[in-house]
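Worksheet: one structure, shown below.
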Amino acid sequence: MGDYIVRNPKKVVDMTVGELAKECGVSEASVSRFCKRIELKGFHHLKISLARELVDAKDDGEISGHISVDDMEGSLRGILSNKMEELRRTVAMIDREKLKKILEAAKS
């Protein structure tokens with residue numbers, strides 16, 4: 001389910017919990033449990049979080065997946081922008097307290 005959400009955030013924002021459950025082949029309760037497991041209050045909170053991410057990404061500028069031999073410099077800038085956006089989203093999802101505990105445990 002997580003993979004589907006990451007690959008289709010725009011679709012998920014417009015879905016009901018039942019539609020997401022059907023698309024992922026799980027129950028509505030599984031969707032709710034998934035949301036709680038990733039420390040969200042529920043499906044509605046997931047949709048709000050996704051919508052914010054989409055708006056933030058749009059505000060940062062549209063990132064193109066287009067690669068062209070005729071515009072190698074632009075293509076390389078696009079690749080760099082895509083990777084930077086992936087890293088930004090990954091860092092935004094990190095639970096700082098859990099990371100702190102992991103790092104402290106690794107020091108021991």
*Within the range 1-42, which residues have the backbone N less than 12 Å from the label spot 7 Å out from A51 along Cα→beta-carbon, could you tell me?*
13-15
*What would the Debye formula give as log10 I(q)/I(0) at q = 0.10, 0.18, 0.20, 0.21 Å⁻¹ for the alpha-carbon point model of the chain, no solvent?*
-0.41, -0.97, -1.06, -1.11
*Only helical DSSP H runs with n ≥ 4 go in: add -39500 (n - 2.57) per run for the chain, normalise by residue count and round the 222 nm mean residue ellipticity to 500 deg cm²/dmol.*
-22500 deg cm²/dmol
*Can you pull the one-decimal nm distance between simple spin-label points at D71 and R96, each 7 Å off the Cα toward Cβ?*
3.8 nm
*Solvent-accessible area, 1.4 Å probe, carbon plus sulfur percent, for the chain*: 58 percent
_I need the phi-derived Karplus couplings for the range 37-47: 6.51 cos²θ - 1.76 cosθ + 1.60, θ = phi - 60°, integer Hz, Gly and Pro marked x._
5, 9, 6, 10, 6, x, 4, 4, 5, 4, 5
*Roughly how many Å² is the accessible area per residue of the range 7-108, as a whole number, for a 1.4 Å probe?*
78 Å²
*Ordered by residue, what ³J(HN,Hα) values in Hz, to whole numbers, does the range 102-108 give under the Karplus form 6.51 cos²θ - 1.76 cosθ + 1.60, where θ = phi - 60° and Gly and Pro are x?*
5, 5, 5, 5, 5, 5, 5
*Could you pull out the pairs from K47/K83; K41/K83; K11/K47 whose alpha carbons sit more than 19 Å apart here?*
K47/K83; K41/K83
*What is the packing order of peptides 18-30, 96-108, taking the mean over residues of other C-beta atoms within 10 Å and listing the highest first?*
18-30, 96-108
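The values are calculated or read from the model by the stated rules, or taken from the named source; none is laboratory data. Note that the coordinates shown come from a computational prediction; the quantities given were computed from them, not determined experimentally. Glycine also receives a Cβ, built like all others from the backbone with ideal geometry; neighbour counts cover every protein chain displayed. SASA here: full protein model, heavy atoms, side chains in, ligands and nucleic acids out. Shrake-Rupley method; radii C 1.70, N 1.55, O 1.52, S 1.80 Å.
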